[in-house]
Amino acid sequence: MAALAQLLADRTRATICMALLDGGTWTAGELADYAAVAPSTTTEHLNLLVSGGLLTEQRRGRRRYVRLAGPDTAEALENLAGLAPYRQVPVRSLAEANHRRALHHARTCYDHIAGALGVAIADAMTARGLLARDYGLVLTSDGARWLAALGIPDTAPSVAHRAHVRTCLDWTVRRQHLSGAVGAALCRHAMDRAWIVKAPGTRILTVTDAGRTAFRERLALPDEALAPSLTLPVARP
């Protein structure tokens, strides 16, 4: 635990890990630009993160590609971010304000839906008896039938060593959103059906007109859960 904490105690390494929560594969050069540090410095940090087990890497010729080690790593990072204290961040432009609103509303957390939308989905599934929280979060028989009606195949235990249903502590809303194999399958289904679309180069998700209709009909999500709040979030980790 101390070794893991030491890896994430550096701001640049933490920035790299948070960028990789988009679930994608990045080059070392892209991460250097994102973290605003020299390529040689990025290489040193990546070596530590790979040797520490948080990242995996692939070499293709002279290029080095890295990604998070897996969904468990992503969920651990999101949970840690959710426990971190907020700090006040001034807003310098309208574009920055809109970006912050959108990020708080809906984003990917590796391969599942996070933000206010993710929390609303988890709450709605629980209220409708699709999820139960009696002894940890579980998918109920009604939930399994609901997934099947959507055309989502049974995800248990299709991915080795992956929990069927889990939750992440959302770092913006500070409440639980749905992760695990079921959360990933639901996110993939929503993307395949164009209920949600990801903004290029970001983790931000936008709910489409088709998605608003689908989420209202299938989970009775209220309108305020389907679009960013007009109130600007005043702080972030």
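With the crude spin-label approximation of a point 7 Å out along Cα→Cβ, what separation in nm comes out for THR56 versus ALA227?
For THR56 paired with ALA227, the spin-label model returns 4.1 nm.
With viscosity set to 0.692 mPa s at 37 °C, what whole-number translational diffusion coefficient in µm²/s follows for region 96-137 from Stokes-Einstein and a Kirkwood radius over Cα pairs?
Details: Rh = 11.4 Å.
Translational D for this selection: 288 µm²/s.
Taking K and R as +1 and D and E as -1, what net charge do the other residues with C-beta under 13 Å from the C-beta of VAL50 add up to? Can you show the working numbers first?
Working: positive: ARG13, ARG59, ARG64, ARG67; negative: GLU44, GLU57.
That sum, taken over residues with Cβ under 13 Å, equals +2.
Checking a compactness column here: for the chain, what do you get for Rg(Cα) / (2.2 N^0.38 Å), N being the number of residues?
Working: Rg = 18.2 Å, N = 237, 2.2 N^0.38 = 17.6 Å.
Dividing the Cα Rg of the chain by 2.2 N^0.38 Å gives 1.03.
State in Å² the accessible area per residue of the chain; use a 1.4 Å probe, count heavy atoms of protein chains only, and round to the nearest integer.
Heavy-atom accessible area per residue stands at 51 Å².
Per the Kirkwood formula on distinct C-alpha pairs, the Rh of region 1-87 is how many angstrom?
Value: 13.1 Å, from the Cα pair sum.
Tell me, in nm to one decimal, what length is gained between ALA2 and ASN47 on full extension, where the rule is 0.36 nm per residue of separation less the Cα-Cα distance?
Full extension of this stretch gives 14.4 nm more.
What 222 nm value per residue comes from the helices of the chain, counting each DSSP H run with n ≥ 4 as -39,500 (n - 2.57) and dividing by all residues, nearest 500 deg cm²/dmol?
-14000 deg cm²/dmol
Which net charge results when you count Lys and Arg as +1 and Asp and Glu as -1 among the other residues whose beta-carbon is under 15 Å from that of ARG60?
+3
May I ask which residue of THR42, SER229, LEU137 lies farthest towards the positive end of the charge dipole of the chain, with charges of +1 (Lys, Arg) and -1 (Asp, Glu) on Cβ and the Cα centre as origin?
About the Cα centre, the residue reaching furthest to the positive side is THR42.
Could you give the dipole magnitude of region 58-130 about its Cα centre, charging the beta-carbon of Lys and Arg +1 and that of Asp and Glu -1, in debye to the nearest 20?
Computed about the Cα centre, the dipole is about 660 debye.
Using only alpha carbon pairs under 8 Å that are at least six residues apart, calculate the relative contact order of region 163-225 and give it in whole percent.
Normalised by residue count, the contact order of region 163-225 is 19 percent.
Would you mind finding the longest exposed-site-free stretch of the chain, with exposed chymotrypsin sites (Phe, Trp or Tyr not before Pro) meaning DSSP loop and at most 13 other Cβ atoms within 10 Å?
136-237
Count neighbours as other Cβ atoms within 10 Å of each site's Cβ, and list the trypsin sites (Lys or Arg not before Pro) in region 92-134 that are DSSP loop with at most 14 such neighbours.
ARG92, ARG133
Please compute the net charge surrounding ARG212, taking Lys and Arg as +1 and Asp and Glu as -1 over other residues with Cβ under 13 Å from its Cβ.
-1
Please figure out what share of the DSSP beta bridges in the chain is antiparallel and state it in percent, rounded to the nearest 5.
Taking every DSSP beta bridge within the chain, about 95 percent pair in antiparallel fashion.
For the pair ALA148/ASP209, report the inter-label distance in nm, with labels modelled 7 Å from Cα in the Cβ direction.
For ALA148 paired with ASP209, the spin-label model returns 3.4 nm.
The values are calculated or read from the model by the stated rules, or taken from the named source; none is laboratory data. Quick caveat, the model's predicted, so the values are computed rather than measured. Here the Cβ is made from the backbone with ideal geometry for all residues, glycine too, and neighbour counts use every protein chain on show. Ligands, DNA and RNA are excluded from the accessible area calculation, which covers all protein heavy atoms including side chains. Shrake-Rupley method; radii C 1.70, N 1.55, O 1.52, S 1.80 Å.
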